[in-house]
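No lab work stands behind these numbers, since they all come straight from the coordinates. Every value quoted in this text rests on a predicted model; they were computed, and no experiment measured them. With ideal geometry, Cβ positions are generated from the backbone for all residues, glycine too; neighbour counts draw on all protein chains shown.
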């Protein structure tokens, strides 16, 4: 079962209203604890309804195109930087291989010097 905010938003609104009315009735009957429980539930369901609300102020927002473009630009810059770093690493490895070959040749080369 998939959680659908479009379905739960009206339910949260109804529960908010029921608990707000329940808090009023409990307060009229001089039951402060009962009224406080309903008030807390009304506030909780109201906050939940606000979070589920579709549109710009609620939870089902469409990502803004500017923000999406900014993320895409950062991603492209990171890809370019990563490509540059890979190229530099490849060049560094080639230079290291070259130096290792030179050192190996220097060890194997016969040394010319005075013979005794």
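Between residue 81 and residue 40, what is 0.36 nm times their sequence separation minus the Cα-Cα distance? Round to one decimal in nm. Could you put the intermediate results ahead of the total?
Values: separation 41, 0.36 × 41 = 14.76 nm, distance 5.21 nm.
So the extension gain works out to 9.6 nm.
Taking the Cα-to-Cβ direction at residue 30 and at residue 96 and moving 7 Å from each Cα, how far apart do the two end points lie in nm?
Label at residue 30, label at residue 96, 8.6 nm between them.
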